[in-house]
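I have placed the structure first, in the form of structure tokens, so that the comments after it can refer back to it.
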Amino acid sequence: VGAWYMPQLQLEMLCAGETCRSAIFGSCSASRGMNLFRVERDDEYIRDMLSLLRAFYERHLVTDRDPEPDFFFKEPPVECGVDYPAFLNRTAELARNATKWIHVTHRQVQRRGAESAFLDAAS
């Protein structure tokens, strides 16, 4: 699972409620089938992510100040008490720890037929 999916998955588990302890992530290829992975919820990660989001909100949205590239590296978010490089490492660790649950072969993946998926093509 790509590390870039971890914040979204963790926030989705937060929104699903306290009883949601994991999520299933699907990765589908055009020719190699689909893999389903289980990603465990990490409440400490969620707490740190919300703190970082608040720091971003207060720094850039409240003040109407555009963020620069790599904004938390140039100006570490000390006000929220989160070690940003450690948070990024934890993001990568969560991705590495996702467990493959099942592989669905290419032939087993239900695909759309030849008809167009766009309404404007049906004239």
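The values are calculated or read from the model by the stated rules, or taken from the named source; none is laboratory data. The structure presented is a predicted model; accordingly, all values stated were derived computationally and were not measured. All Cβ positions, even for glycine, are placed from backbone atoms using ideal geometry, and neighbour counts span all protein chains on display. When the accessible area is computed, the model is the full protein with side chains, heavy atoms only, and any ligands, DNA or RNA have been set aside. Shrake-Rupley method; radii C 1.70, N 1.55, O 1.52, S 1.80 Å.
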Sequence-separation-based contact order of segment 37-90, relative, with Cα cut under 8 Å and 6+ spacing, percent: 40 percent
Given charges at beta-carbon only (K, R positive; D, E negative), |dipole| of the chain in Debye: 860 debye
Just the Cα atoms of the chain, one point each, no solvent: what log10 I(q)/I(0) does Debye give at q = 0.18, 0.19 Å⁻¹? -0.98, -1.03
Note the angle between two axes, namely the Cα long axis of helix 84-96 and the longest principal axis of the Cα atoms of the chain, as a number of degrees from 0 to 90, rounded to the nearest 10. 20 degrees
Choose one of A30, F118, H60: the residue whose Cα lies farthest towards the positive end of the charge dipole of the chain (beta-carbon charges +1 Lys, Arg; -1 Asp, Glu; about the Cα centre). A30
Set the Förster radius R0 to 22 Å, insert the Cβ-Cβ distance between I102 and W4 as r into 1/(1 + (r/R0)^6), and round the FRET efficiency to 0.05. 0.45
Using alpha-carbon positions, what is the distance between the centroids of segment 1-21 and segment 65-96, in Å? 18 Å
Area of I24 that stays accessible when all protein chains are in place (1.4 Å probe, Å², to 10): 80 Å²
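Keeping all protein chains in place, calculate the accessible area per residue for segment 2-123 (probe 1.4 angstrom), answer in Å². List each step's numbers first, then the result.
Details: 8760 Å² over 122 residues.
Here the residues of segment 2-123 average 72 Å² of exposed surface.
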Using 7 Å Cα-to-Cβ label points, what is the D64/R32 separation (nm, one decimal)? 4.9 nm
Label model pair E79, Y57: point-to-point distance (7 angstrom along the Cα→beta-carbon line) in nm is 1.3 nm
Do any GluC sites (Glu not before Pro) in segment 40-116 lie in a loop, going by DSSP, with at most 15 other beta-carbon atoms within 10 Å of their beta carbon, and if so which? E115
